[in-house]
Amino acid sequence: MPVQVAPYPTVTDALVAARVLCNDAAQSILGDILASNQPFVLPMCDLAHKTLRKMLTRAGVNTYSKYGFVSNLVKVATSDPTVQVQLSYTGYFDGITERASPFLPADLVEPLEIWERQNGTINSWQPVKQASDSISTRAQVASFGIWDWESDILYLPGATQANDLKLKYLYATPRLTDSAQQIPIADCEMAMGALIAKILSQSRGGTATQTFQVWAESEVGLLISPTSRKEQYGAYNRQPFRGTRARRRR
């Protein structure tokens, strides 16, 4: 029975594309400057991968988004309505005490959407609204209701009960550490190859750096075009040429 695999290219696939673009495959497709055993090649691939992730994120493609959960954000420890609780990578500030847990997911780059429910229940998740500017002072209630993200800290108004959070967030690019490792972006070897070629050219003072940059941007455009077309889908009902039968005039 065949083994199901994801449609992701490997680091080697991206390197082959880069070797072809850089004319580094004239003697062998295994390359010379970009040979896999060169000590700088994998770090270069990792840098290109991070750049590609940022380019796709900027274009609105949530390739690197996932869901996560944070449980038992205990109730605020003060009745002062001006105090906000804080959730960071190292713990949770309840308004008075910095606690070691809970904490943000270690791979979270930035939250996109947040939901909440009372801790210890199976209630429906309720959306938490992102603040348009900052969190205003308000009376403390059972739910958070609003969130703000600043300096890599999630700020919430104090709640009078313990709550859980469900988050949809952008997560950090996994490091590329092996040439056989898959890059979790479908059909991205040309975009990755152009970015690797750009970094190589730039590091060696090459004259083709801008050409490779333009090539990479073109390939990223091709990767995001299906997403762009999907966003343009809509339901349209054409207005009838004539009115309803009752209003029709002959």
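Kirkwood analysis of region 133-199, using all unique Cα-Cα pairs, places the hydrodynamic radius at 16.4 Å. Each 5 Å bin from 0 upward holds the following percent of the Cα-Cα pairs of region 65-171: 2, 13, 25, 28, 21, 8, 1, 0. Sorted ascending by nearby beta carbons within 10 Å, beginning with the fewest, 58, 175 become 58, 175. Rounded to the nearest 0.05, the FRET efficiency derived from the C-beta distance between residue 126 and residue 101 at R0 = 22 Å is 0.45.
Once every Cα of the chain carries one equal point scatterer and solvent is ignored, give the base-10 log of I(q)/I(0) from the Debye formula at q = 0.08 Å⁻¹, two decimals. With one equal scatterer per Cα and no solvent, log10 I(q)/I(0) is -0.51. Using the Karplus relation 6.51 cos²θ - 1.76 cosθ + 1.60 with θ = phi - 60°, the per-residue 3J(HN,Hα) values for region 180-196 come to 8, 5, 7, 9, x, 9, 4, 6, 9, 4, 5, 4, 5, x, 5, 5, 4 Hz, with x marking Gly and Pro. Highest GNM mean-square fluctuation among 28, 101, 151, for the chain modelled with Cα contacts below 10 Å: 151. Helix 11-21 versus the longest principal axis of the chain: what is the Cα-based angle in degrees, 0 to 90, to the nearest 10? It works out to around 50 degrees. With the helix formula -39500 (n - 2.57) applied to DSSP H stretches of n ≥ 4, the chain reaches a computed 222 nm mean residue ellipticity of -9000 deg cm²/dmol. The phi-based Karplus calculation (6.51 cos²θ - 1.76 cosθ + 1.60; θ = phi - 60°) puts the 3J(HN,Hα) values of region 212-222 at 5, 4, 4, 4, 4, 5, 5, 5, 5, x, 5 Hz, whole numbers, x for Gly and Pro.
Within region 1-158, antiparallel bridges make up roughly 90 percent of the DSSP beta bridges whose residues both belong there.
Coupling constants for region 138-145 follow from the phi torsions by the Karplus curve (6.51 cos²θ - 1.76 cosθ + 1.60, θ = phi - 60°), and in residue order they are 8, 5, 6, 10, 5, 10, 6, x Hz; glycine and proline get x.
Springs join every pair of Cα atoms under 10 Å in this Gaussian network model of the chain, and among 117, 99, 19 the largest mean-square fluctuation is at 99.
Where does the Debye-calculated log10 I(q)/I(0) of region 1-51 sit at q = 0.16, 0.19, 0.32 Å⁻¹, using only Cα point scatterers of equal weight, no solvent? For the requested q values the scattering log ratios are -0.51, -0.65, -1.28.
Counting beta carbons within 10 Å around each of 115, 147, 215 and listing the fewest first gives the order 115, 215, 147. Positive end of the dipole of region 65-171 (Cβ unit charges, origin at the Cα centre): among 76, 86, 119, the Cα lying farthest that way belongs to 119. Report the residue, chosen from 180, 17, 159, that carries the largest GNM mean-square fluctuation when the chain is represented by alpha-carbon nodes joined by springs under 10 Å. Maximum fluctuation in the GNM of the chain, among the listed residues, is at 180.
None of the figures in this text is laboratory data; all of them are computed from the coordinates on show. Not measured: the values here are computed from a predicted model. Cβ: placed from backbone, ideal geometry, glycine included. Neighbour counts: every protein chain shown.
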